[in-house]
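Beneath this line is the structure, given in structure tokens, with notes to follow.
The values are calculated or read from the model by the stated rules, or taken from the named source; none is laboratory data. Model, not experiment: these values are computed from the prediction. Cβ coordinates were reconstructed from backbone atoms using ideal geometry, including for glycine residues, and neighbour counts include every protein chain displayed. Side chains included, ligands, DNA and RNA excluded: accessible areas come from the protein's heavy atoms. Shrake-Rupley method; radii C 1.70, N 1.55, O 1.52, S 1.80 Å.
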Amino acid sequence: MRTFFPSESCKETHLKSINPQSWLQVERGKLAKFSSESASSIDSLIKVPEPPILPFFKPVDYVQVLAKIHEELESCSPQERSNLYLLQFQVFKGLGEVKLMRRSLRSAWSKASTVYEKLVFGAWLKYEKHDEELISDLLSSCGKCAKEFGAIDIASEMPVYKKLSPHGVITTNEDSCPRAVSFRIADEKIACDRQKIASLSAPFHTMLNGCFTESFCEEIDLSENNISSLAMRIINEFSSTGLLNEVSPDLLLEILVFANKFCCESLKDACDRKLASLISCRQDALELLECALEENSPVLAASCLQVFLRELPDSLKDSQIVELLSNTTRQQRSIMIGPASFSLYCLLSEVSMNLDPRSDESVRFLRTLVDSAETSQQKMVAYHRLGCVKFLRKDLDEAEQLFEAAFNLGHTYSVIGLARLGQIRGHKRWAYEKLCSVISSSIPLGWMYQESSLYCEGEKRWDDLEKATELDPTLTYPYMYRAASLMRKQNAQAALSEINRILGFKLALECLELRFCFYLALEDYQLAICDIQAILTLCPDYRVFEGRVAALQLRTLLREHVENWTEADCWLQLYDRWSSVDDIGSLSVIYQMLESDAAKGVLYFRQSLLLLRLNCPDAAMRSLQLARKHSSSEHERLVYEGWILYDTGHCEEGLQKAEESISIKRSFEAFFLKAYALADSSLDASCSSTVISLLEDALRCPSDRLRKGQALNNLGSVYVDCGKLDAAADCYINALKIRHTRAHQGLARVHFLRNDKVAAYDEMTKLIEKAKNNASAYEKRSEYCDRDRTKADLEMVTRLDPLRVYPYRYRAAVLMDNHKDKEAIEELSRAIAFKADLHLLHLRAAFHEHIGDVMGALRDCRAALSVDPKHQEMLELHSRVNSQEP
């Protein structure tokens, strides 16, 4: 849902076709000469769509909301916990915090008080991890059960019906009634024990022992009650044994209807459970759910639902299932999912929107979500989400009503929808004033200025976008707009510099695409193909130019205009880019190498390492799985399986795979994996010698310079931790000899530990000069200089990568030391506004405590514990501050 809601300018359905070849009919290597004639072609090539309206819950003060949720979790009843964790999930989703979102879902699942909540959140977690089946298989191969979110035995979780003695039933003397009774059904008579049948329900008890004629009859005709003789025989047997043995589904359904009609609760409960146990596939569930809802059979209904939920998203591609689930009444939802209706339709609407946000199915699920919402925050989520879908479908009047409802309830972010609708209707000035009113009456945020920029022109628009970036540097649209504007003014260097600002810390596909367009306009096809190959690495199905052209098609056309590299050329290019810490360039080279006959397993593995460095964990895992698929031997496959397990938090199993690989063949990668996992998993200082031995074994095995440099660097780090500085220096120097540039950082640390800060500073300067991505190098160098140069380096870090939190903390601490309390808190607050970081919140809480702002400290403590509930220092601070609360 990254580019979920495009702007109106991108929504034309009958756009004229594009012929990318027409842009590429030039001599290879020829650079464009900007001229007035080229301006129109540049405009057609470089388009920046309006930022999307995100269908997420985005409170203005997310810290306050998280703190409030945490406070309520401390005192709420067990029945309320899952809904609170779901709201916490919605907050983290709006912040883009994927790991925290999943942890909130896991908490909702683990704290579920009903089988219904367990069912929904278990299915949700399974859906979120739908691409992790391989991990489950690998864990099984290590002897570890991985079915954490397996199917629930719903019948065992539901209370069994307990028969109560009838009260208030008019009876005669039971002794005066005939002991036996026969029920006639057509031409057959079924002999039954009167009192045992009477015990099935109050209506039967009254009919057979009360003042009715049937009480004195030895034969009663049931032919008009839609029950077969065979079914009646089974009911008679149940009245004696309380059991339903081998009964066909059709007969069970017949008995269920009869039991419902005559209020035979124990019989109905038995049928309900028996039918639920017979569900073996989606078709069974589909056929039985409608009956379950009609006959008020909760076990059967929930069991049918479980089948659908466990097959998400595929089950929502079945129109019959969608029809059943989206056309339910409140009573039917109560039967099917108990009190977890809102949670269920949150899940179903999200899955449906991921499949197709414009679909009728998405609308229907969202309407049910709205109907299921009870609290004001649930209503904000539901109204805003449905408003976004209605806006996308151009149902503008209804979209306006929904955005207005969400906005009036307090969801300020929904003002974006109202402003866009105002613009569409020609009320641009009104839209601008609406945004200005929001900005002046609440905490100013980056998205507010970004949005207001859409409704003004010239310098005012530029000023608003600068303010948006100042408040939230993670927003991509301001960089893209500024870069495109500079490009249209034929200032290519400034345009590239602007788009590179964000690509230096956030690998956004839309920004890579824009830079690709710049290179295309400049006719620099070598750099253009580099970006398109990086795009295809991240998203193989990506489409450029507003979705009209497959990126793969453009790459094929570009190949005709760039020099073909041999395999040797590719390796040289990879060494150059890897050594200069050009991760995007390295990705591109590997993409090209994968087309050759080179060993693909090794290349996909290298690709995964780069993607992890670029903070693209999902793409990295995909590459690791491809490495496993293309491994050339069993010992190589075991190494990749070990990394897959290690990267998903299964360190012991990763070690086990490494040892299996070593037992087959001693290889660099197997020893490296074992050393890496052991160093990370053991807190025992004595394991250092084992790690050193393993890395030395790795270095004795054949490998290329890229990996040997990494091993030497890691070995140097272990030596430093052991205090063996000479050995560490030798490792770093040898790594630098084979162009492992990052070894400068390790060598700088050695110099520092030898009390030579000047040499440490100079060493980091060398890294800064060599590395294309060098924000971390500036941050590390700041530790080796005086305060003024430290401040300058950390300002550079924030410019290069505003997501790095150490500079904000350092500057805030300096301000606090200088008794500038307000400025110190403001420094932390400007980062907290766009990054939910534990350390920032922790420090701000400590500052609030220091100045006596107990409520501010308590708020930040609670929000921080929402980010990491087990952080020991945070728990201690929270306990201390909580005791001071008035």
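Just a few scattered comments:
- Taken over the C-alpha atoms, the chain has Rg and Dmax values of 33.3, 111 angstrom.
- Taking amide H as placed 1.01 Å from N in the peptide plane, CYS192 has its amide H under 5 Å from the amide H of VAL181, SER182, PHE183, each at least 5 places away in sequence or on another chain.
- Surface accessible to a 1.4 Å probe, TYR806 within the full protein complex, Å²: 80
- Backbone HN-Hα couplings from phi across segment 482-499 [Karplus 6.51/-1.76/1.60, Hz, Gly and Pro as x]: 4, 5, 5, 4, 5, 5, 5, 7, 6, 9, 5, 4, 5, 5, 5, 4, 5, 6
- Those residues of segment 370-407 whose amide nitrogen sits under 13 Å from the label point placed on CYS76, 7 Å along Cα→Cβ: 374-378
- Counting 0.36 nm for each residue step from GLU826 to ARG880 and taking away their Cα separation leaves a gain of 17.1 nm.
- Modelled FRET efficiency - R0 60 Å, SER228 with GLU652, Cβ distances, 0.05 increments: 0.55
- Per residue, in Å², the accessible surface of the chain once ligands and nucleic acids are set aside, probe 1.4 Å: 44
- Surface calculation, 1.4 Å probe, protein heavy atoms: ARG488 sits at approximately 90 Å² accessible.
- Potential lengthening between SER280 and ILE851 on full extension [0.36 nm per residue; Cα-Cα distance subtracted]: 199.2 nm
- Accessible-area composition of the chain, carbon plus sulfur, in percent [1.4 Å probe]: 49
- Approximate spin-label separation HIS130-GLU287, in nm, with each point projected 7 Å along Cα-to-Cβ: 2.6
- Distance (nanometres) between label positions extended 7 Å along Cα→Cβ at SER440 and GLN872: 5.2
- Alpha-carbon centroid distance for the pair segment 198-213 / segment 421-473, whole angstrom: 74
- In the chain, the DSSP-assigned H stretches of four residues or longer account for a calculated mean residue ellipticity at 222 nm of -20500 deg cm²/dmol, using -39500 (n - 2.57) per stretch and the full residue count as denominator.
- FRET efficiency, GLU237 to GLU157 (Cβ-Cβ, R0 30 Å, nearest 0.05): 0.65
- Once the Cβ-Cβ distance of THR765 and GLU398 is raised to the sixth power relative to R0 = 51 Å, the FRET efficiency obtained is 0.25.
- Peptides 280-289, 293-302 ranked from most to least packed by the mean count of surrounding Cβ atoms within 10 Å: 293-302, 280-289.
- Couplings 3J(HN,Hα) for segment 339-349, derived from phi with the Karplus relation 6.51 cos²θ - 1.76 cosθ + 1.60 (θ = phi - 60°), are x, 9, 4, 4, 4, 4, 7, 4, 5, 4, 5 Hz, where x marks Gly and Pro.
- If you count Lys pairs in segment 729-886 whose Cα atoms are under 27 Å apart, skipping same-chain pairs closer than 8 places in sequence, the total is 26.
- Only Cα sites of segment 328-390 enter the Debye sum here, all with the same form factor; the resulting log10 I(q)/I(0) across q = 0.11, 0.15, 0.20, 0.22 1/Å is -0.21, -0.40, -0.69, -0.83, listed in q order.
- 18 Å Cα-Cα reach of LYS665 towards aspartates and glutamates, excluding residues that sit fewer than 8 places from it in its own chain: GLU634, GLU636, GLU641, GLU696, ASP697, ASP704
- Segment 619-684: equivalent-ellipsoid semi-axes (sqrt of 5 x gyration tensor eigenvalues, Cα, Å): 18, 15, 8
- Overall Cα dimensions of segment 426-547, principal axis frame, Å, largest first: 48, 29, 28
- Backbone N within segment 694-715 under 15 Å of label point (7 Å from ILE738 Cα along the Cβ vector): 695-715
- Computed from point charges on the beta carbon alone (+1 for Lys and Arg, -1 for Asp and Glu), the dipole magnitude for the chain about its Cα centre is near 2240 Debye.
- ARG862 exposes around 20 Å² of accessible area when a 1.4 Å probe is run over every protein chain in place.
- Kirkwood hydrodynamic radius over Cα pairs of segment 711-816, then Stokes diffusion coefficient at 37 °C and 0.692 mPa s, in µm²/s: 233
- Each of the peptides 585-595, 397-407 was scored by the mean count of other Cβ atoms within 10 Å over its residues; in descending order, highest first, they stand as 585-595, 397-407.
- Judged by the mean number of other Cβ atoms found within 10 Å, the most tightly packed of the peptides 267-273, 832-838 leads the ranking 267-273, 832-838.
- When TRP571, TRP124, TRP447 are compared by accessible area at a 1.4 angstrom probe, the order from most to least is TRP571, TRP447, TRP124.
- Anisotropy class of segment 251-318 from Cα gyration tensor, a/c 1.5 cut: prolate
- Distant-in-sequence amide H partners of ARG543 (H built 1.01 Å from N, under 5 Å): ALA551
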